[in-house]
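Have a look at the structure below before the remarks.
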Amino acid sequence: MYQPGAIVLQCGADSLAGDRLGCFNLSIDGHAECVRIVKKFNLPLLVTGGGGYTKENVARCWTVETGVLLDAELPNEIPENEYIKYFAPECLLNIPNGHIENLNSKSYISTIKMQVLENLRCIQHAPGVQMQEVPPDFYIPDFDEDEQNPDERMDQHTQDKQIQRDDEYYDGDNDNDQNMDM
């Protein structure tokens, strides 16, 4: 609906089957399929991690998703490494699906999907704004009061650009710009 210029995809793994806090039943392959679908849009894509409270399954999921992003076929067997004990006894990337019965009917899912798409259709998208160089008159020049010639007049516009608010810059113990070499 929005035709974005880029996508940020947050891949929280708490939706995986067997997560300690999540109550969903997604397989690692199902999770990776979501990444595959978004990747097919061929837009710049920033993928981040997120929730997931069974650390070995989070690592499995993000490994498979990284493989999807890199178009790499990964073997199901986890190679020997110093963390292999966390993946025992099966030492596989793909784990068995959960045992939660799917109570969502196809018609219920279809109804939800239609409602979401309708809601998206009704929302106005934000207009795009091009990046531009800041015009030079917005730059405040550095000046040293001691080096200014008192006999030389400055126009009011130049004087206004050199005013500093009293509460904006200060010296003292709370000055964050002080050197912290104490």
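Counting only protein heavy atoms and using a 1.4 Å probe, what share of the accessible area of region 1-130 belongs to carbon plus sulfur, as a whole percent?
For region 1-130, the apolar C and S fraction of the accessible surface comes to 59 percent.
Cross-link candidates for residue 85: which lysines have Cα within less than 26 Å, leaving aside residues fewer than 8 places away along the same chain?
Cα-Cα hits under 26 Å: 55.
Heavy-atom accessible area per residue, region 1-125, 1.4 Å probe: how many Å²?
It amounts to 73 Å² per residue over region 1-125.
The values are calculated or read from the model by the stated rules, or taken from the named source; none is laboratory data. Just so it is clear, the structure is predicted and the values come from calculations on it, not from any experiment. The area values use the complete protein model at the heavy-atom level, side chains included, leaving out ligands, DNA and RNA. Shrake-Rupley method; radii C 1.70, N 1.55, O 1.52, S 1.80 Å.
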